Structures are given as structure tokens and as C-alpha cells.
Amino acid sequence: MGDYETFLASKMQLGGEYGFAPTFKPDYLYDFQRELLEWATKKGRSAIFADCGLGKTPIQLVWAENVVRETNGRVLILTPLAVSNQTKREADKFDIEASVSRDGVLSTDITITNYERLHYFAPSDFVGVVCDESSILKNFSGATRAAITEFMRLLPYRLLATATAAPNDYIELGTSSEAIGELGFADMMSRFFKKTEKTFSRKDEYRGENYRFRGHSERDFWRWVCSWSRAIRRPSDLGFDDGPFILPTLTVRDHVVKARTLKDGCLFDLPAVGLQEQREERRRTITERCELVAELVIDTGEPAVCWCHLNDEGDLLERLIPDAVQVAGRDDNDVKVERLESFANGKIRVLVTKPKIAGHGLNWQHCAHQTFFPSHSFEQWYQSVRRSWRFGQTREVVIDVVASEGEADVIRNMKRKEDAADLMFDRLVAMMHDAMRVEIEPYTGDTEEVPSWL
């Protein structure tokens, strides 16, 4: 019997509504930020999908302060690497007492740490947790993601915040739902989706199988997502004035380099077909692409970020650009943090790194020039560009995309994903408006019974 009770306890999630009305609503929050704060605090467990620069950090900090004041307990804020110190500076700016801990020592009621250091902390020490840039949860290994979910499982107050919970990425939405105690990922898939044959539906990759929405469940699915999340790209999505949150111009310049060598057995270059050929094309043109990137940034005298995907690309760019500093996966975490902060502070002019290392959470409004080698990941592209092109940027942002002649299919696929994401986010915002109207203006008919979904 004891083993069965242990099994049930391991599956248990705290259910119901655990929110409360916030008492701390400082004047420095914009009107739409206060709206999101009130909603998230009353929900208790929720997700905020707000675009880069819309103030997720102050919302998270004020949310955490409200939980501390309501419960006299502690809140843990989890961030990507190098974002902890940035969050601490924001806390100091807004006069909220918080501290960074990398070893599990708790000196204030609000503690900030990196996801990688979660194992130093015990969930019993906290009543609430914030996952900053929570979209990276799906990028962790299964064991790490499970450890984060397990840490959060019995905490009554949970907040996820990210700019790119890609609306057409069901894996990410399922991960978010499970983390805040809504439907588990497998339960979500079985309730709203069904397996189908490849020839009859678009392919949604989930454990190598093909899924599509069940019957007419797509609308129900998005209404369910909106019951525990809010999505916003600009204040007007919530009915507020965009005011200072209108972004400057974004200019994307495409550059195509010609390979100096031909593929074995070929008399002329052909577009790379399939992932294997595209990888070979990328490696075959490393020198040509890196030399062009160096030409684009070497004499500008302005800050620049050179995004790469391969170690050989990063090493060559660092050699070709005299004042460039690389942050690589092989570097110690403390070295990564020091170099990323040095770039943010203007001590490093040109930063060379990968999107999976520095593509989340960092504020680089001082930099208005990036170079990018294309890939099939829309999230990497979106997050990388948004390090500079975000609310608070005052200059035109220029992104130089450097590709070989054979990578045309990669660029086309990226643009297709970008269009699809914009369309899906439009639908999510529309569904969110429907959900808000249901909450604010309940059905008041006198002669009919209120439908269960209301």
C-alpha cells in the first residue's frame, strides 16, 4: 500500500485556483503590464507569452514580490545563463529586494539563479517559482526538463514567461502546460490530437509520429491554451496604446557567396537537397561565408553580433575579426557570463557566439548590427534578432544573412516558418480576446441555462 501511495504522490499536481488579488502594483509598470500582473497573480499558475522588450522582467519581479508579501514565503526565479545578473540589476532599478545565488544559499525572499544550478535548491524552501524565457525548457534534455517540472510540481504559485512560445509548436505548449500543473504533455496530445497517415495531413513531429487536430478540436485547443496563458506582441493586443513600444525599422540584407570548390563528382553547383547535403554545403563554404561576415563588421567601429552554428565557424570568425571575442560551448560557465556581460557593457565590440548559447533573455539594445548564418530553426532566428531589435532600441537594426548558393531551400523554409508563426500568433491573440470577453462579460440570459463552456 505504501508503494502505491508513493506512486500517487509522484503523479499529484496541486489543482484549482491559487491566486489572489495583488496588493503591490507600482507606478513604474505600464498599463498593459499591470493588466498582465493582475491576471497572473489572480491565476496563481499561468504563462505570459510577451514579445521581447515588453517588460517581462519587471512583471516577474513584481509578481514575485506580491507572492512574498501574501505568503511570507520565498520565490525562486530561474533564468538562462548570464541573465541572472541582468535580472538582479532590474530588481535594484525597481527597488525590489532580490539576490543571485549559485550555490543554494538564500539571503533574500526572492532568489535568482540559472536553470543549470537548480539542483542546489530544494522546492520545500519556496512557495513560488518563475521560469524566465521558459521556451528553453523544451531544449533541455529529458532528465533536466523532468527535474524542473518535478521542482515546480507542488508549488502553489508558478509563472512562466517567454517571448516565443511558438503557437504552432505543440511540444512547447505541452511542456508549459505540464510545468504549471495543467494537462500533461501526453494527456494534451491524446485529448486534442490524433495520429494520421503522412499522406493525409501536414506533419507535426512528435516522437516520430504524425498528428493533427481531432475533428473540430482546434478552437477548443486554443481556448484551453488561453485559459492559462496570455499572449501579447504589442500593448494594443490587450487594447492599450502602443506608445513608446513601436519598434524602429528592421532591415534584413541577404548575401549569397559562391563556393570556391565543387561537390565531389559535380561540374557545377546545385541547391543542397535534404539535411545531409545542407550540412555538407555549410561545411564546404565555411571560409567563404566567414570572410564575407568579417568584411561586413571589421571596419564599422560599431557593436556587432556574429551568430554561428559550427565551432569551426566561430573559431574562424574570431581569427578574421581582430577585436572579436567568442563565447563557445566549451567555455566554463563563469567565462561565458563574464564575456557576455562585457559585450553588454561595451567592453567587447564584436561578439561571436551561437543562438543556443546567448539567444535567450539578454538585452543588447546598444547593438544594432548582426550577421546570421541561416538554419531551419525559426526560434533561433527570432530570438537572435530580438536581442537587438526589441522595445528600447532607438536605431535601425540591420541583419546581414550570409548563405551559400546551395542554401536557397534553407532560406525559403525559414521564411515559410516565419509567415506561419505570424499567422498562428494572430489566431492565438484573437482566441485570447474571445477568452477575455467570456471572463469579463459572462452570459446573462434569463430563459436559457448557461452553457457549460461559459
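What follows draws every value from the coordinates through simple rules; no lab data is involved. Every value quoted in this text rests on a predicted model; they were computed, and no experiment measured them. Note: ideal-geometry Cβ built from the backbone for every residue, glycine included; neighbour counts use all protein chains shown.
Could you tally the net charge around M431, taking each other residue with its Cβ under 9 Å from the Cβ of M431, Lys/Arg +1 and Asp/Glu -1? Net local charge, M431 excluded: +2.
Bridges between two residues of region 36-181, per DSSP, are antiparallel at a rate of about 0%.
Subtracting the Cα-Cα distance of D31 and D241 from 0.36 nm times their residue separation leaves 74.7 nm of extension gain. Taking 13 Å as the cut-off, the amide N atoms of region 353-384 that come nearer than this to a point 7 Å along the Cα-to-beta-carbon line of L310 belong to 373-374. With the biggest extent put first, the Cα atoms of region 276-418 measure 40, 31, 30 Å across the principal axes.
Once the C-beta distance of K194 and E116 is scaled by a Förster radius of 25 Å, the resulting FRET efficiency is 0.10 to the nearest 0.05.
Each of D95 and T23 was given a label point 7 Å from its Cα along the Cα-to-Cβ line. The distance between the two points is 1.8 nm. Electrostatic bookkeeping for V397 treats Lys and Arg as +1 and Asp and Glu as -1; over the other residues with beta carbon under 12 Å from its beta carbon, the sum is +2.
Extension gain, D426 to N85: 0.36 nm times the residue separation minus the Cα-Cα distance gives 119.4 nm.
Sorting 102-109, 54-61, 341-348, 396-403 by average packing, meaning the other beta carbons within 10 Å per residue, from highest down gives 54-61, 396-403, 341-348, 102-109. Label positions at E396 and E295, each projected 7 Å from the Cα along the C-beta direction, are separated by 2.1 nm. Each peptide in 248-259, 279-290 gets a packing score, the mean of other Cβ atoms within 10 Å over its residues, and the list from highest to lowest is 279-290, 248-259. The length gained by stretching the chain between K415 and K258 to full extension, at 0.36 nm per residue less their Cα-Cα distance, is 54.4 nm.
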